[in-house]
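Scroll down for the structure; my scribbles are underneath it.
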Amino acid sequence: MPHIERLQASVINQIAAGEVIERPASVVKELLENSIDAGATRVEIAVAKGGTELVRIADDGCGITADQLTLAVDTHATSKLRTAEDLEHVGTLGFRGEALASIAEVSRFTLRSRPADESSGAELSVRGGQRHGPVPCGCPVGTTIEVADLFFNTPVRRRFLRSTQTEMGHIVEAVTRLALANPHVHFTLRHNDRIVHDLPPADPWSTRVAQLFGGDILDSLVWVDSSDDDVRLSGYVGLPEVTRSNAKMQYLLLNGRYIRDRSLQHALGEAYRGLILTGRYAVACLRLDMPAEQVDVNVHPTKLEVRFRDGGRIYSQVLATLRTRFLSTDLTHRLTVAPNGGAADANTATTSRFGQPSEAGASQWRADAGGRGDGTRPGGPLELFRLDRNWQAGGGPSRTLPRETGADAKFDAKVDASANGHRGGASPETPGATAAATDDGGENPLVRAMQIHNRYLIAETNDGVVVIDQHALHERILYEQLREQMLSGRLESQNLLVPEPVDLTSEECAAVLGQRDLLAELGVRIEEFGGSTVLAASYPAMLRRVKPAEIVRELAARLVAGGRAPDRRDLFDEMLNMMSCKAAVKAGDYLSPDEVQALVQRRHLVDDAHHCPHGRPTTLMFSREELDRQFRRT
Ligand code: ADP
Ligand code: MG
């Protein structure tokens, strides 16, 4: 018969320690949070050997009186919480009273502290849970904590520690998160006596961002700000051209606490939909501030995850704020080249953009439609770029009306352009920033664009030259048009006199029949035929250049490609992507001068014309300033 016994306190503490203290970076995080809660304005962090040998954190906060030192390292002992009711509105970073106890249990721990009104301090040391002191000591006002030989008494944990470099990486990240959330605090971080970060108090916030990530990044950030009742969202998001291969550069601070939230991360992704490539992540430093009772931070011991009272509303606020901001921001890719011709930082991106013409990744869709020359295209420019009349008249998403082509328009251009918003960097934190805003580089309607290599269009703009990928731009225009027609239920579909049989695999057949309603919304009516064959009964009128069977086969392939059942929005989006890609002019298609003109002018009719629906740029911009610089005219 197994025998049940109560665990000893030290065992309980070790188990609890395992939850909060996973690695040296957890120590740094917990101690820094305590320093911030103690009102410190200066915090010095020194670590040795990735924190495994030593973590020392000294602050100038309120300190702890000698008679409370022992209590500070007791489990469930805290000065930040009294009643269960207090849990409803936690305003401090800590509140569980676990960190010091946990750390002291698994290290050689020394705590020295002195409140401002005491003439001397006191010291308490704990070796793997065994306490010595407190004893009086001389020390500056504030608190200094040393954590040596972490996990010396828990060999399993110790074995799981990674290389010095990896552990140091985690520590830098922990410091970054807290430093970002507390720009008013002076932080220094030393590793083996080498200074990693020295971050004096920073105001405005962008200064702290620059201290942490380098000043260059500021040029590619856009300030966003919105308030919905008592929820404020503010901070910086990156232009679509600066992306990362993971979401690590997405910092979300809730009431001064760094959090990870899948839903808000999703909102961020949605805001960038069609602006960046799939698999890439935008950069963001965002602050959310709201009354403490609207969020539950007591979800997880590390307090990294929280629960919002009204998560849906915050999701919408994030999405709407970013989308609105993007609509008023010129997101056209601007090219810069190092004057010496060498590859500078910004140029690596530029070069690869040049080296990666838009169609390179557009894959099979285009490949199987390839080779179609000018000949199969019916009609002239009006046919090819025909836009629904209602849509053009402002019923659709067009914000900028087509420019006038009268002689006066040339002189109106400046005014017109400035109405189109400006690029990033502008922040209400930096007065006068708006004055430095540049215009959107809109084409001068009087200057004709020309086609080169049957794939790019070149046009003069008010402040430079743009190179347009004809396929990418046309694709975006068609995408917006299709979407708009679909959402308003005005998608024209063309019935086939004789429905066309389409042979599919049995998996595709099931998927297509399963998504019949969605496909019908897209103008593609499908009927059962028998076996793994379906009948295509109608197709979107816009796609008259493409065979209905081909559309169905393509849709079917997309439906089964993901493996798992895609969400409706994703599916819908992918179908629209596919259809606009199919219907758009291809790289290699010759366009007559009128067609070139028609396409370029329609650029102003759609939001996000700067990116194709897959997130590749449609337009690259060389500013006149940059040209002047290159030709040494400055
Ligand atoms: P919690 O932060 O959840 O209260 P901790 O175990 O981290 O729990 O700390 C216990 C208590 O010790 C805190 O409530 C606080 O009163 C005190 N304390 C810890 N670190 C500091 C510090 N750097 N300055 C002042 N007081 C501190
Ligand atoms: Mg704490």
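Take the Cα pairs of the stretch 463-538, get the Kirkwood Rh, then feed it into Stokes-Einstein at 37 °C and 0.692 mPa s and tell me D in µm²/s.
The calculation lands on 226 µm²/s.
For the stretch 257-298, backbone nitrogen atoms closer than 12 Å to the point 7 Å from Asp230 Cα along Cα-to-C-beta are found at 290-295. With Cα atoms as the point set, the radius of gyration and Dmax of the stretch 9-199 evaluate to 15.7, 45 Å. Above 20 angstrom, tally the Cα pairs of the stretch 492-583 and express them as a % of all pairs, no decimals. Of the Cα pairs, 25 percent sit more than 20 Å apart. Extension gain for Arg42-Arg260 works out to 75.8 nm (0.36 nm per residue, less the C-alpha to C-alpha distance). With N the number of residues in the stretch 231-327, Rg(Cα) / (2.2 N^0.38 Å) evaluates to 1.05. Look at the Cα gyration tensor of the stretch 449-498: its axes a ≥ b ≥ c give a/c of at least 1.5 with a/b at or below b/c, and that counts as oblate. Quick check: from the Cα gyration tensor, does the stretch 1-97 come out rounded (a/c under 1.5), prolate or oblate? Oblate shape, in that a/c is at least 1.5 and b/c is the bigger or equal ratio. Once the Cβ-Cβ distance of Arg158 and Arg629 is raised to the sixth power relative to R0 = 60 Å, the FRET efficiency obtained is 0.60.
What FRET efficiency do you get for Asp517 and Glu5 if R0 is 56 Å and r is their Cβ-Cβ distance, rounded to the nearest 0.05?
0.35
Give me the distance between the Cα centres of the stretch 300-325 and the stretch 76-127, rounded to whole Å. With the stretch 300-325 and the stretch 76-127 each reduced to a Cα centre, they are spaced 30 Å. A Förster radius of 35 Å, combined with the Cβ-Cβ distance separating His89 from His197, puts the computed FRET efficiency at roughly 0.60.
Coordinate-derived values only; no laboratory data. None of these values were measured; they are calculated from a predicted model. So basically every Cβ, Gly included, is an ideal-geometry build from the backbone, and we count neighbours across all protein chains shown.
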